[in-house]
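A quick write-up on the structure given underneath.
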Amino acid sequence: MSHFPPYAVLSDELAPSGINIDAIEAIAKRLNMQVEYIQCPFTRCVRLLETGDADVYIGLTHSVEREDFLHFVEPYIALGSAQAFYVKRDSGVKINEFDDLSGLSIGMMRNSLYFAQFDNANNLTKIKTNTNPKLIELLMRERVDTFIGGKDIFGYLLQEQGLSDKIIRQAYEYTDPRKVYLALSKKSTHADSLPLISEAVG
């Protein structure tokens, strides 16, 4: 699990909580299994799935590349949050359409997928980092002009950090969210149980 509030809220003091935690606990109960959480930055979580050192990740979008090492368990569990761009209020940066991203340095999560036009744009300056809070830090330190992220996630994080008045969402956003899945490592010892897991998700 990665810290992706409100979907997954992870801390050293409290038990994991959030929408995805509730979902995986319900799935595990149907399978009569116990859940052991591994807290990791998103990129590290994907690597653990690839090596088989983690079994599942809940809330992952599909890609052909990820199919090499993951089963995307049907049915999908939800639709992802709309993707938006954020800037410092006093920066003067305005993003009203996709072309306004040209010439800007754009913070993004390493190994994340947002939407096809952005993911495939090789002419944009993309600055990659490992956590969503780091994106906020990069923007506040003016290391990037803007960053991209889910509206639900950053609405929560900016309010949590008291930055809702200093960092603002821009008019342009991508509102056709991708399906998100429970992803099962093909190297997991539970890979043979894919049909049972799919039944539990359904």
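Values quoted throughout were computed directly from the atomic coordinates according to the rules given, and no laboratory measurement underlies them. This structure is a prediction, so every number in the text was calculated from the model and none was measured. Positions of Cβ are generated from backbone atoms using ideal geometry, with glycine treated the same way; all protein chains shown enter the neighbour counts.
In contact with a strand residue (DSSP E or B) (Cβ under 6 Å, 6 or more places away or on another chain), surrounded by fewer than 18 Cβ atoms within 10 Å (Cβ to Cβ) and of a type in the set (A, V, I, L, M, F, W, C) - does that describe any residue in the range 188-198? Don't jump to the end; show me each part of the working.
Filtering the range 188-198 down to residues in contact with a strand residue (DSSP E or B) (Cβ under 6 Å, 6 or more places away or on another chain) leaves 194, 197-198.
Of the ones still in play, those that are also surrounded by fewer than 18 Cβ atoms within 10 Å (Cβ to Cβ) are 194, 198.
This time we only want the ones that are of a type in the set (A, V, I, L, M, F, W, C), so: 194.
Within the range 188-198, one or more residues are in contact with a strand residue (DSSP E or B) (Cβ under 6 Å, 6 or more places away or on another chain), surrounded by fewer than 18 Cβ atoms within 10 Å (Cβ to Cβ) and of a type in the set (A, V, I, L, M, F, W, C).
Residues to consider are 143, 169; find the one that is assigned to a strand (DSSP E or B), farther than 26 Å from residue 68 by Cα and among the basic types (Lys, Arg).
On the way: 143 fails: assigned to a strand (DSSP E or B).
Sole residue among the options that is assigned to a strand (DSSP E or B), farther than 26 Å from residue 68 by Cα and among the basic types (Lys, Arg): 169.
Among (1) under 16 Å from the mean Cα position of the chain (by Cα); (2) touching a residue at least 12 places away in the same chain (Cβ under 8 Å), where does residue 31 come up short?
So residue 31 meets the others, but not (1).
So which of 176, 152 is within 16 Å of residue 83 (Cβ to Cβ) and in a helix (DSSP H, G or I)?
Numbers: 176 fails: in a helix (DSSP H, G or I).
The unique qualifying residue is 152.
If only one of 179, 151 is touching a residue at least 60 places away in the same chain (Cβ under 8 Å) and surrounded by fewer than 16 Cβ atoms within 10 Å (Cβ to Cβ), which one is it? Step through it out loud before you land on a result.
Working: 151 fails: surrounded by fewer than 16 Cβ atoms within 10 Å (Cβ to Cβ).
Matching residue, one of 179, 151: 179.
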